[in-house]
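All remarks here apply to the structure that follows.
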Amino acid sequence: DQQVKQNSPSLSVQEGRISILNCDYTNSMFDYFLWYKKYPAEGPTFLISISSIKDKNEDGRFTVFLNKSAKHLSLHIVPSQPGDSAVYFCAAPDSNYQLIWGAGTKLIIKP
Amino acid sequence: NAGVMQNPRHLVRRRGQEARLRCSPMKGHSHVYWYRQLPEEGLKFMVYLQKENIIDESGMPKERFSAEFPKEGPSILRIQQVVRGDSAAYFCASSPTGQNTEAFFGQGTRLTVV
């Protein structure tokens, strides 16, 4: 029962272009979403979040969009840089202490 | 202020042995979460602990797995009689409150069972 789904295992983008990572969820009770970035052999680091009362949150090169009716969110990175190459996870808290994670999307930024 | 420290970073065990994974939370954090990541999958919640208390262990397998967070010292995730299927990356996170959205993650322990 995958409540948070990231259907693209990997994505390759040219440096300087926009990267768009997608995430779908099935639980309509989710009201907060987070994106984490993970480099190999390291733990996930928090990137950006969005509350369900908003449809957009922006932080520098990173913007997250939320479409509640479609139960879909996306992370936009523009312009993409080589250091953005990592695995990106979408997650949502199920309760105060259980984060439900997607399977991740590996982003590769080509020079 | 050191981050969340996990050790060892890599652990190799033979089938049937015991594995002990340690997690020292960030200073001032009394809430610890353990997650497991199998290959090609996202992180899966295992257990949430506060000092000396297990708050929720609903994600933990009923047998062979246990966790503790003593008054002094690190949190320990213990796996008895390991099997090949236990091979995974185990991540610990800590937070100053019970909000897991404020948690910081350690670098993980990669357990390989041979």
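The values are calculated or read from the model by the stated rules, or taken from the named source; none is laboratory data. Everything numeric here is computed off the predicted structure, so don't read it as measured data. As a convention, Cβ positions derive from the backbone with ideal geometry for all residues, glycine included, and neighbour counts pool all protein chains shown.
The figures follow:
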{"read-out": "Candidates B:Arg36, B:Arg78, B:Arg110 - the one that is assigned to a strand (DSSP E or B), out of contact with any Asp or Glu (no Cβ under 6 Å at 6 or more places or on another chain) and without any contact (Cβ under 8 Å) to a residue 60 or more places away in the chain", "value": "B:Arg36"}
{"read-out": "Search result, residues across segment A:10-46 that are more than 16 Å from the chain's Cα centre (by Cα) and within 12 Å of chain B (Cβ to nearest Cβ)", "value": "A:Pro40, A:Ala41, A:Glu42"}
{"read-out": "Residues that are within 14 Å of chain B (Cβ to nearest Cβ) and either more than 10 Å from the chain's Cα centre (by Cα) or of a type in the set (S, T, N, Q) (or both), drawn from segment A:47-71", "value": "A:Ser49, A:Ile50, A:Ser51, A:Ser52, A:Asn57"}
{"read-out": "Qualifying residue in segment A:101-111 (condition: surrounded by 15 or more Cβ atoms within 10 Å (Cβ to Cβ), more than 11 Å from chain B (Cβ to nearest Cβ) and not in a strand (DSSP E or B))", "value": "no"}
{"read-out": "Criterion (within 23 Å of B:Ile55 (Cα to Cα) and surrounded by 20 or more Cβ atoms within 10 Å (Cβ to Cβ)) met by exactly one of B:Thr109, B:Thr101, B:Thr97", "value": "B:Thr109"}
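Rundown of residues vs (1) modelled with pLDDT of 95 or more; (2) among the small types (Gly, Ala, Ser); (3) farther than 24 Å from B:Gly106 by Cα, yes/no style:
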site: A:Asn7; (1), (2), (3): no, no, yes
site: A:Tyr25; (1), (2), (3): yes, no, yes
site: A:Trp35; (1), (2), (3): yes, no, no
site: A:Ala70; (1), (2), (3): yes, yes, yes
site: A:Ser80; (1), (2), (3): yes, yes, yes
site: A:Ile100; (1), (2), (3): no, no, no
